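Colleague: Please read through the structure below; I'll follow up with questions.
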Amino acid sequence: MNNAAAMPDDGGWERWRALATDAYARFHVKLLACRPLFPQLASFDSADRANATRGTFAWWWGSDGEVRETINTINAWAVRLHEWGAWNLVIDSYESDDDKWEVLYHFVEPLAFYCMLQPSSLADRITVAAETLVHQANRFIFPDQRDHLDQDDLPPGKTLRRLDRRKQLDRLGRHWAEFCAFRKALNAMDGKDYQKTTRNFRNLSAHSFAPRLMVGQVVRAIRSIVPKTEMVQQPCGGYLPVENPTQKCVQYAAQALPPLDLNATRAANLAEYQKALTAMRTFSSLIEELCDCMDAVPNKGAP
């Protein structure tokens, strides 16, 4: 297989069109058959609840939008995950490797790539939304709460690292009973087990070379600086390699990164989606608590 799929020449268009038509027909059959396995969707009740509570001006203007867009992202992920599962079945139904590779390149890889990026990006999106809502609720409930966040002290264009943003979120959320369960669910997303199973696909795809899907190796020479090794004669007359404590040298490691299995990778991604649903449910409970407290404050609220 070539490293990148080539566009068919004039003689190949007819075959490609026939394959695409057949693949789509198989896809819709598989999609219908696995409909009972469709992942559960996130409810929009929390967005409606946030919208019904006025709070500060920033809450009134933006809370509903941030929560609703977060839920839109979760539900879009569910749709793509379901389609990915059906396309995996389509690939399995072909005997020809050439047909499998064509279907993979044109129909599966875009879906898989989108889904693989969601655990990390959605965890950050939920964190940002929670930070906004909790901060605005704190300002509304507690008169001495300053309208100041850690990112205000950064140079223009800089943002908080994930760890620093979550430390700030812990500080903001300490007043709220539902925060602990939410924080635990958020922390479970995009964990080390998922990164290990996918061989750090998200970070490598953004910053380096990620493993391919189903077929194809990524061959690299990994360069590093290591202690220089010298052969030192032993009292018995033999030699052993010994690391020099002061001198360094360049080392190259030959790497051939194997592809990820489509079904195992999707299963790991589906497990991450379930974690995202749990995080959203606990976030919804936190939103209920925030709204209840703000609604109980008399004669306050954005016009």
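The values are calculated or read from the model by the stated rules, or taken from the named source; none is laboratory data. Small disclaimer: the values here were computed from a predicted structure and weren't measured. Cβ atoms come from the backbone with ideal geometry, glycine included; neighbour counts cover every protein chain shown. The protein model used for the area step is the full one, side chains on, heavy atoms only, and it has no ligands, DNA or RNA in it. Shrake-Rupley method; radii C 1.70, N 1.55, O 1.52, S 1.80 Å.
Colleague: Could you say whether any residue in the stretch 145-160 is surrounded by fewer than 12 Cβ atoms within 10 Å (Cβ to Cβ), among the small types (G, A, S) and either in contact (Cβ under 8 Å) with a residue 24 or more places away in the chain or on the phi > 0 side of the Ramachandran plot (or both)?
Modeller: So far as the stretch 145-160 goes, yes, one or more of its residues are surrounded by fewer than 12 Cβ atoms within 10 Å (Cβ to Cβ), among the small types (G, A, S) and either in contact (Cβ under 8 Å) with a residue 24 or more places away in the chain or on the phi > 0 side of the Ramachandran plot (or both).
Colleague: Could you list, in sequence order, the residues of the stretch 215-248 that are open to solvent by 60 Å² or more (accessible area, probe 1.4 Å) and in a loop (DSSP other than H, G, I, E, B)?
Modeller: Scanning the stretch 215-248 gives Q217, P235, C236.
Colleague: Kindly indicate whether any position in the stretch 57-67 is under 24 Å from the mean Cα position of the chain (by Cα), surrounded by 21 or more Cβ atoms within 10 Å (Cβ to Cβ), under 23 Å from P110 (Cβ atoms) and in contact (Cβ under 8 Å) with a residue 24 or more places away in the chain.
Modeller: Checked against the condition, which is being under 24 Å from the mean Cα position of the chain (by Cα), surrounded by 21 or more Cβ atoms within 10 Å (Cβ to Cβ), under 23 Å from P110 (Cβ atoms) and in contact (Cβ under 8 Å) with a residue 24 or more places away in the chain, the stretch 57-67 yields no hits at all.
Colleague: Another question, if that's okay. For the stretch 79-101, check the following and say yes or no: at least one residue is surrounded by 15 or more Cβ atoms within 10 Å (Cβ to Cβ) and closer than 18 Å to A47 by Cβ.
Modeller: No.
Colleague: Something else about it: Does Q274 qualify as being open to solvent by 40 Å² or more (accessible area, probe 1.4 Å) and in a strand (DSSP E or B)?
Modeller: Taking the combined requirement at face value, the residue does not satisfy it.
Colleague: Restricting attention to the stretch 38-56, report how many residues are open to solvent by less than 10 Å² (accessible area, probe 1.4 Å) and either of a type in the set (S, T, N, Q) or in contact with a strand residue (DSSP E or B) (Cβ under 8 Å, 6 or more places away or on another chain) (or both).
Modeller: 2
Colleague: Scan the stretch 230-247 and give yes if some residue there is closer than 19 Å to D48 by Cα and of a type in the set (A, V, I, L, M), otherwise no.
Modeller: No, the stretch 230-247 contains no residue that is closer than 19 Å to D48 by Cα and of a type in the set (A, V, I, L, M).
Colleague: Here is a list: A185, A177. Which entry is modelled with pLDDT of 90 or more, among the small types (G, A, S), open to solvent by 80 Å² or more (accessible area, probe 1.4 Å) and out of contact with any Pro (no Cβ under 6 Å at 6 or more places or on another chain)?
Modeller: That would be A177, the only listed residue that is modelled with pLDDT of 90 or more, among the small types (G, A, S), open to solvent by 80 Å² or more (accessible area, probe 1.4 Å) and out of contact with any Pro (no Cβ under 6 Å at 6 or more places or on another chain).
Colleague: Among the residues of the stretch 13-32, what is the count of those that are of a type outside the set (D, E) and open to solvent by less than 80 Å² (accessible area, probe 1.4 Å)?
Modeller: Qualifying residue count for the region: 10.
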